[in-house]
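The values are calculated or read from the model by the stated rules, or taken from the named source; none is laboratory data. Predicted model only: the values in this text are computed from it and were never measured. Accessible surface areas use protein heavy atoms only, side chains included; no ligands, DNA or RNA. Shrake-Rupley method; radii C 1.70, N 1.55, O 1.52, S 1.80 Å.
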Amino acid sequence: MRNQQSNLIAFAFLVAIWIPGQASAAELENAIAMRDVPTKGKFSVARVLGTDFDVGGNWAESATETAAGAINIGSSTYADGIAFTAPSQDFADVYDQPSSIGANVSYGLTSTAEVFGGVHYTSASSNEFDAINIDAAGTINGTAVAVNTVVTGKLDNYSEYGIDGGYRQFFRPGKQFRPYVSGSVGLKQVDEININLLHKATAIRADDVKFYDSSLTYTLALGLGFRFDAGPNIAIGMETGLKYAGDIDEGDGDISGVRSFADTNNSGDKLDVPLMARIDIVF
């Protein structure tokens, strides 16, 4: 992940030092006047690097269960209630900042509008988190006792492949700097995700418990960005917006007899604010 973020920083730095050295302002304007991006009937390709900031959706739903009973040990009576609680988790609670890399192909409808399609790969490293809180509160011969402990969890690293297609509308035609808005729909394939559980006080653990199956789901996105024409056949830009991805498939093969805990993975939807840098090459 650090390497991908370093690549993004290096990419932005190279773009910043490359543009001034290419031509004088007059030469640049003449070159750009010869070829806009987009151009009606012409294709362009783009290399895209970026990340997503999680702002909504549930990656794991909350759950609570209670077991109660009473037992006799000699002349003593032990009565207890044990509560198992799993707090809800967002994507950002259990994963580091994701990194994305991709490529787009665009086709100019006019000098201010284009349609596009693209592919991308997104990955994120997992973080350890408090998966289950266990609270035992009861009595022994009428004397209250209470115990609290935590089972930690760590999911498999996140891995996603996606495709999308959509439309961009540009403003300020004929100018070097042109803002735009966009809309797109797509599909993403998320690799299977298991969870490892560990109770550190007792070294009791459960590895590779199925959490989410390998899943295919839809995406919807609205974008806002800009394109700067840096030469007759090249442009750079940045884009942000909102992107929603639907639920992914739960994997309940290893979860049974736990009632509401079987529903903790009945979600996996995401609402993100993407931030992407891009270079477009026209041909």
Within the stretch 147-250, what whole-number % of the accessible surface is contributed by carbon and sulfur, with the 1.4 Å probe and all protein chains included in the calculation? 62 percent
Cα-based reach from Lys40 at 15 Å (exclusive), listing aspartates and glutamates while leaving out same-chain residues under 8 positions away: Glu114
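Of Ser99, Ser214, Ser125, which has the most accessible area with a 1.4 Å probe, and how do the rest follow in descending order? Present the calculation step by step, with values, prior to reporting the outcome.
Numbers: Ser99 5, Ser214 65, Ser125 45 Å².
Correct descending sequence by accessible area is Ser214, Ser125, Ser99.
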Give the accessible area for Thr240 in Å² (nearest 10); use a 1.4 Å probe, count only protein heavy atoms, and leave out ligands, DNA and RNA. 50 Å²
